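Engineer: Take this structure, written in C-alpha cells, and hold onto it; I'll ask about it next.
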Amino acid sequence: MNLVLATIFAPENLFVNGFAGLVSLVPYLFMAWMLPPKSPRTYWAVCIGMMAGLSLFRPLYTPLLRIALMFLTTVVVPMMLLGGSFPRRLIVMTVCLLLQSCAEMIGAGLWVLMTGLGTMDNSLAWEYPLPFLLTGTVGHLVCLPLMLAGMMKVYQRWFPLRKGDGGAGEATPSWLVWYSLFPLTQLFLLIMIENIVADHCHGDLAYTLAILALFVLCFAADGLLAASMAQSAKKEQADFEAAALEKSVAACLKQVKVMEAELMETSRLRHDLRNHVQVAQLLAVQGQYEAARAYLAEASIMREDSFS
C-alpha cells in the first residue's frame with residue numbers, strides 16, 4: 001500500500017499526470033459545443049472528476065487498461081451525458097478520440113526531435129520539463145483545438161451535428177448510421193497501431209511520422225466519405241421531391257383537362273340554348289305561339305336527355 005501511494009504521489013508522476021489531466025479536458029469542451037449536454041452541470045462534474053481520478057492513478061495503469069479507460073472516458077461516458085442522436089454522438093466521440101491520439105503522436109514526434117530520446121516516461125518528463133511542456137502544449141493545446149475546429153467545420157457543412165436532441169421528432173438519415181461505424185473502426189485500428197509503435201518500436205521517428213501520416217489519410221477519408229454520402233443523400237432527397245412534384249403536376253393537369261372539358265360542354269350548351277331561343281322568338285314574331293311553346297318543350301326534353 002505504501003508503495004502504491006509513493007508511486008501515485010511521486011513528484012514526477014504528479015507533474016506529468018496533472019498536466020495530462022488538464023490538457024485532456026480540451027476534447028470535452030468541443031464535445032459540449034458540438035452536442036450540448038443534457039445537464040451541463042452534471043456533464044462537467046463527471047468529466048472533471050473523471051479526469052482528476054484517472055490522472056491521479058495513471059502510474060498504475062497497464063497499456064491495455066489505459067486504452068480501455070481512454071475509450072470509456074472519451075466515448076462511452078460522454079455519450080450518455082451529451083444530447084443528439086446516437087449516430088451523431090458516436091461520430092463526435094470517436095473522431096475526438098482519434099484527433100486526441102493524433103495530437104499525442106505530434107507531441108511524440110516533437111519529443112523525439114527535441115530530446116533525441118525514443119521513449120518518454122514520467123521520469124524523463126521530470127528530467128526534461130521544458131520539452132515535455134512544450135510538446136504537450138503544441139500537441140494538445142495548439143494542434144488539437146485546430147484539428148477539432150476543422151473537424152467541426154467539415155461536419156457542420158455536410159450534416160448538422162447540433163441539430164435536434166435525438167428525440168422522436170428527429171429523423172436520423174440511414175446513411176449517417178452507417179457512416180458512424182467508419183470512424184469507430186478506424187479508432188480501434190489506429191489505437192492498436194499507435195500502441196504497437198510506442199511499445200515495440202520505442203518511438204522511432206520514422207514509425208511515428210508514418211502513423212501520423214496514416215492519421216491524416218484517415219481524416220481525409222472521413223471528410224471525403226462524409227461529403228460523398230451527404231451529397232448522395234441530398235440527391236436522393238431531391239429525386240424524391242422531384243418525383244412527388246411530378247406526380248402533383250400530373251394530377252393538376254388531369255384536373256385542368258376535366259375543367260376544360262366541362263367548360264367546352266357548358267359553352268356548347270349555351271350556344272344551343274341561344275339558337276333555341278332565337279327560333280322560339282322567330283316563331284313568336286310570326287304569331288305561331290303554340291309552335292314556339294312546342295319547340296321550347298321539345299328543346300327542354302332534348303337538353304335533359306343530353307345531361308342524363
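The values are calculated or read from the model by the stated rules, or taken from the named source; none is laboratory data. What you see is a predicted model, and the numbers here were worked out from it, not measured in a lab. For neighbour counting, all protein chains shown are included, and Cβ atoms are generated from backbone atoms with ideal geometry for every residue, glycine included.
Engineer: Could you list, ordered by first residue, the pairs with Cβ atoms under 6 Å in which the first is in region 262-288 and within 17 Å of E298 (Cα to Cα) and without any contact (Cβ under 8 Å) to a residue 60 or more places away in the chain and the second is surrounded by 13 or more Cβ atoms within 10 Å (Cβ to Cβ) and among the aliphatic types (A, V, I, L, M), at least 6 apart or interchain?
Structural biologist: Between residues of region 262-288 that are within 17 Å of E298 (Cα to Cα) and without any contact (Cβ under 8 Å) to a residue 60 or more places away in the chain and residues that are surrounded by 13 or more Cβ atoms within 10 Å (Cβ to Cβ) and among the aliphatic types (A, V, I, L, M), the close pairs are H276/A299; A280/A292; A280/L296; L283/A291; L283/A292; A284/A292.
Engineer: Turning to a different aspect of this structure: For region 41-53, which residues satisfy the criterion of being among the aliphatic types (A, V, I, L, M) and over 30 Å from the mean Cα position of the chain (by Cα)?
Structural biologist: Looking only at region 41-53, we keep the residues that are among the aliphatic types (A, V, I, L, M), and these are 45-46, 48, 50-52.
Selection gives A52 alone.
Engineer: Quick check on T73: is it assigned by TED's automatic domain parsing to the domain that holds L187, at pLDDT 80 or above and either among the β-branched types (V, I, T) or touching an Asp or Glu at 6+ places or on another chain (Cβ under 6 Å) (or both)?
Structural biologist: For T73, the condition - assigned by TED's automatic domain parsing to the domain that holds L187, at pLDDT 80 or above and either among the β-branched types (V, I, T) or touching an Asp or Glu at 6+ places or on another chain (Cβ under 6 Å) (or both) - is met.
Engineer: Related question: Scan region 66-81 and give yes if some residue there is at negative phi, without any contact (Cβ under 8 Å) to a residue 24 or more places away in the chain and not in a helix (DSSP H, G or I), otherwise no.
Structural biologist: Checking region 66-81: not a single residue is at negative phi, without any contact (Cβ under 8 Å) to a residue 24 or more places away in the chain and not in a helix (DSSP H, G or I).
Engineer: If you go through region 34-49 one residue at a time, how many are under 26 Å from T135 (Cβ atoms) and surrounded by fewer than 19 Cβ atoms within 10 Å (Cβ to Cβ)?
Structural biologist: 1
Engineer: Restricting attention to region 119-154, which residues are buried (at least 16 other Cβ atoms within 10 Å of the Cβ) and farther than 27 Å from M31 by Cα?
Structural biologist: M120, N122, L124, A125, W126, Y128, P131
Engineer: Considering every residue within region 94-108, establish whether at least one is small (G, A, S) and within 28 Å of the chain's Cα centre (by Cα). Can you show your working first?
Structural biologist: First pass over region 94-108, keeping only residues small (G, A, S): 101, 103, 107-108.
Cutting the leftovers down to within 28 Å of the chain's Cα centre (by Cα) gives us 101, 103.
So far as region 94-108 goes, yes, one or more of its residues are small (G, A, S) and within 28 Å of the chain's Cα centre (by Cα).
A quick yes/no check of all residues on (1) touching a Leu at 6+ places or on another chain (Cβ under 8 Å); (2) assigned by TED's automatic domain parsing to the domain that holds L98; (3) touching a residue at least 24 places away in the same chain (Cβ under 8 Å):
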| residue | (1), (2), (3) |
| --- | --- |
| V16 | no, yes, yes |
| G21 | yes, yes, yes |
| L29 | no, yes, no |
| P37 | yes, yes, yes |
| Y43 | yes, yes, yes |
| C47 | yes, yes, yes |
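Engineer: Can you name the number of the only condition in (1) within 35 Å of the chain's Cα centre (by Cα); (2) surrounded by 11 or more Cβ atoms within 10 Å (Cβ to Cβ); (3) at pLDDT 75 or above that T208 fails?
Structural biologist: Of everything listed in (1) within 35 Å of the chain's Cα centre (by Cα); (2) surrounded by 11 or more Cβ atoms within 10 Å (Cβ to Cβ); (3) at pLDDT 75 or above, T208 misses just condition (3).
Rundown of residues vs (1) surrounded by 12 or more Cβ atoms within 10 Å (Cβ to Cβ); (2) among the hydrophobic types (A, V, I, L, M, F, W, C), yes/no style:
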| residue | (1), (2) |
| --- | --- |
| I8 | yes, yes |
| N13 | yes, no |
| F19 | yes, yes |
| L25 | yes, yes |
| S55 | yes, no |
| R58 | yes, no |
| Y61 | yes, no |
| L64 | no, yes |
| V77 | yes, yes |
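Engineer: Quick check, is A103 surrounded by fewer than 19 Cβ atoms within 10 Å (Cβ to Cβ) and either free of Cβ contacts under 8 Å to residues at least 24 places away in the same chain or in a helix (DSSP H, G or I) (or both)?
Structural biologist: Considered against the rule, which asks whether it is surrounded by fewer than 19 Cβ atoms within 10 Å (Cβ to Cβ) and either free of Cβ contacts under 8 Å to residues at least 24 places away in the same chain or in a helix (DSSP H, G or I) (or both), A103 comes out as no.
Engineer: Moving to a separate point now. Only one of (1) surrounded by 13 or more Cβ atoms within 10 Å (Cβ to Cβ); (2) under 17 Å from L176 (Cβ atoms); (3) touching a residue at least 40 places away in the same chain (Cβ under 8 Å) fails for S228. Which number is that?
Structural biologist: Tallying (1) surrounded by 13 or more Cβ atoms within 10 Å (Cβ to Cβ); (2) under 17 Å from L176 (Cβ atoms); (3) touching a residue at least 40 places away in the same chain (Cβ under 8 Å), S228 fails exactly one: (3).
Engineer: OK, next. Looking at (1) at pLDDT below 80; (2) under 27 Å from V177 (Cα atoms), which one does A244 not meet, given that it meets all the others?
Structural biologist: (1)
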